[in-house]
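The structure appears right after this line, and notes come after that.
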Amino acid sequence: MTGTLAALGAGLAVIGAGIGIGNIGGKAMEAIARQPEAAGDIRSNMILMAALIEGAALIAIILAFFIN
Amino acid sequence: MRKAIICTFGILFLTLALLTAQDHSHHNHDHNHSHDHSSHGHDHSGHNHDHHGHDHSGHNHSHDGHHGHNHASHGHDDHGHGHHCDCGKHDDSFDAGAVAFHHIMDANQFRVFGDINVPLPCFLKSDDGFKAMLSSSFGNAGHGNGKYAIDKYVMVHGTVMRVADEGFPMGKVEVNCYGHEEIVKDGKELPLFTVSYQGKCWKLHEKSTLDGGILGGGITSFYDFSITKNVFTMLLGFLILFLLFRTAAKAYTTRKGMAPKGIQSLLEPVVLFIRDEVAVPFFGHKADKFLPYLLSVFFFIVGLNLIGQIPFFPGSGNVTGSLSVTAVLAIFTFVITTINGNKHYWEHIVWMPGVPAWVKIILTPVEIMGMFIKPLTLMLRLFANITAGHIVLVIFVSLIFIFGGAPSMYESGNMGGSILGTAMAIPLTMFMMAIELLVAFIQGFVFCILSAAYIGAAVEDAHH
């Protein structure tokens with residue numbers, strides 16, 4: 001039972017991270033399209049932000065892993 | 001400057017190697033503690049040629065009934081001599097999850113293929129004293145298991161374990177087979193490994209970990225200071241990076257004033273990229289002070305990620321996907337942040353200016369928690385990304401066996417299914433390998449840029 005709940009929790013965390021990273025990617029693409037000359041800065045900030053969101057999701061997944 | 005980089009490298013990697021050698025906490029491997037008396041004295045049921053020859057399976061059964069929670073092992077088939085071991089229960093079918101799990105773990109020997117292992121030195125410390133030997137002295141009974149017990153130490157699935165019982169003989173004795181079962185203690189399933197010797201099942205201890213049982217494990221009857229697979233890979237990575245950077249650094253004196261060439265022109269753009277895109281934006285005029293650390297973690301992580309991607313012998317070690325290694329790296333960032341933090345940084349953590357007092361009471365604990373959560377996420381991000389990559393790759397390769405429907409990893413299954421599985425596995429594995437190549441660089445870069453952001457926030461000059 002806890003295993004199923006943990007799997008559900010991990011799935012929910014992944015949904016959240018997916019929405020977040022999707023937003024970042026979409027907005028970054030828009031920004032690059034508007035200002036192609038700033039592509040380098042935007043790209044490294046995009047990776048940084050995606051990594052931060054990923055961190056939150058990973059904590060949830062690791063917790064699910066250990067509770068399981 | 002170049003000398004500083006090389007010195008930092010040397011110190012960082014030697015420290016890392018020593019630290020991991022001391023504590024490769026088996027995050028994904030819970031240890032059984034000495035107070036669960038589960039499979040003690042299980043007499044086995046007569047497959048083995050023992051002196052007693054009694055069939056005690058009834059006894060065994062009642063014991064199982066008493067515990068009621070013994071589960072079949074996850075595809076760990078331990079029958080060293082081609083028959084079933086009676087310590088623990090067995091499920092012979094191929095289990096991709098177990099194979100992947102086994103792959104990402106550290107080991108005391110380096111498996112090349114099949115039953116061919118590269119021996120690694122083992123340094124073991126217990127109450128009976130210190131013991132140094134090669135992992136090959138355990139012999140080879142197949143599947144990474146050892147044939148002999150040496151001073152109570154045995155080799156199970158490539159990992160050294162120790163017989164917990166006092167009555168087990170010292171010296172070199174031949175053991176029969178190994179068992180594995182899951183016991184339930186405090187609502188958690190814990191693996192329990194056993195070895196069969198002279199018709200008795202002896203409970204095994206896994207190595208002590210220093211994490212205090214948070215990640216499973218705890219203090220058992222022995223410590224393992226061995227050069228394990230991960231430590232070996234780390235030393236290899238250290239050597240490769242050292243030679244690369246030595247060559248590049250030399251070129252700056254021998255080829256002074258000339259255009260970069262060879263390794264120099266491979267590394268220079270990367271070093272400049274880290275300096276211009278990471279160090280300078282976050283540190284400004286203090287960039288030179290922290291650049292050596294950033295370059296060290298970047299090349300260390302990227303180098304070991306790439307070595308881990310090589311699917312055969314010197315590669316394949318899951319070093320950056322091991323929590324202890326990423327924890328040490330994250331602790332470095334945490335320590336550098338903390339000791340370099342200026343007044344401005346501490347003020348903003350403990351008692352931030354310009355904020356009402358009642359908000360400060362809420363914010364201060366959050367900020368203090370944040371201090372520790374930052375390195376924690378650094379640690380988990382790298383660990384989870386690399387481990388997930390390794391697991392997915394192994395699962396994709398396992399498609400061949402899953403579709404083949406082989407009864408176990410060492411037996412043949414159905415040919416048509418295997419061909420279908422191979423047809424799926426090859427493109428999927430190649431695709432995943434390409435993604436992982438990207439991830440290897442991205443995770444190195446992310447660790448580096450986040451470290452820079454955390455340290456940068458601590459050394460930033462006040463501007464308000």
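Taken as a whole, region B:267-274 holds no residue that is more than 32 Å from the chain's Cα centre (by Cα) and in contact (Cβ under 8 Å) with a residue 12 or more places away in the chain.
Residue under question is B:Ile349, and the condition is that it be within 14 Å of chain A (Cβ to nearest Cβ), among the β-branched types (Val, Ile, Thr) and touching a Ser or Thr at 6+ places or on another chain (Cβ under 8 Å); does it hold? Reasoning before the result, please.
Numbers: within 14 Å of chain A (Cβ to nearest Cβ): no; among the β-branched types (Val, Ile, Thr): yes; touching a Ser or Thr at 6+ places or on another chain (Cβ under 8 Å): yes.
No: the conditions fail for B:Ile349.
Residues in region B:352-382 that are surrounded by 13 or more Cβ atoms within 10 Å (Cβ to Cβ), hydrophobic (A, V, I, L, M, F, W, C) and more than 14 Å from every other protein chain (Cβ to nearest Cβ): B:Met352, B:Val355, B:Leu363, B:Met371. Filtering region B:339-368 to residues that are aliphatic (A, V, I, L, M), farther than 30 Å from B:Leu304 by Cβ and out of contact with any helix residue (DSSP H, G or I) (no Cβ under 8 Å at 6 or more places or on another chain) leaves B:Ala357, B:Val359, B:Ile361, B:Ile362, B:Leu363, B:Val366.
Go through B:Ile274, B:Ile240 for me and flag whichever is closer than 23 Å to A:Arg43 by Cα and either touching a helix residue (DSSP H, G or I) at 6+ places or on another chain (Cβ under 8 Å) or not in a helix (DSSP H, G or I) (or both). Lay out the reasoning, then the answer.
Working: B:Ile240 fails: closer than 23 Å to A:Arg43 by Cα.
Checking each option against the conditions leaves just B:Ile274.
Checked against (1) within 14 Å of another protein chain (Cβ to nearest Cβ); (2) more than 22 Å from B:Gly321 (Cα to Cα), A:Gly9 passes all but a single condition, namely (1).
Checking B:Asp64, B:Asp91, B:Asp95 one by one, the residue that is modelled with pLDDT under 80, touching a Ser or Thr at 6+ places or on another chain (Cβ under 8 Å) and of a type in the set (Asp, Glu) is B:Asp91 and no other. Of the residues making up region A:28-68, those that are out of contact with any helix residue (DSSP H, G or I) (no Cβ under 6 Å at 6 or more places or on another chain), more than 18 Å from B:Ala388 (Cα to Cα), in a helix (DSSP H, G or I) and more than 8 Å from chain B (Cβ to nearest Cβ) are A:Met29, A:Glu30, A:Ala33, A:Arg34, A:Pro36, A:Glu37, A:Ala38, A:Asp41, A:Arg43, A:Asn45.
Does B:Met433 qualify as being surrounded by fewer than 17 Cβ atoms within 10 Å (Cβ to Cβ) and part of a helix (DSSP H, G or I)?
Answer is yes for this residue.
Just one of the listed residues (A:Gly20, A:Gly3) is at pLDDT 90 or above and out of contact with any strand residue (DSSP E or B) (no Cβ under 9 Å at 6 or more places or on another chain), and it is A:Gly20.
Going by the structure shown, is B:Ser126 small (Gly, Ala, Ser), farther than 18 Å from B:Ser221 by Cβ and out of contact with any helix residue (DSSP H, G or I) (no Cβ under 9 Å at 6 or more places or on another chain)? The answer is no for B:Ser126. State which residue is farthest from the chain's Cα centre (by Cα) when the search covers only region B:156-187 and only residues that are over 22 Å from B:Val118 (Cα atoms) and of a type in the set (Asp, Glu). Across region B:156-187, the extreme among qualifying residues is B:Glu166. Against the conditions (1) surrounded by fewer than 20 Cβ atoms within 10 Å (Cβ to Cβ); (2) free of Cβ contacts under 8 Å to residues at least 40 places away in the same chain; (3) assigned to a helix (DSSP H, G or I), B:Asp288 satisfies every one except (2).
The values are calculated or read from the model by the stated rules, or taken from the named source; none is laboratory data. Computed from a predicted structure; not experimentally measured. Because the Cβ atoms are built from the backbone with ideal geometry, glycine has one as well, and the counts that use them run over all protein chains shown.
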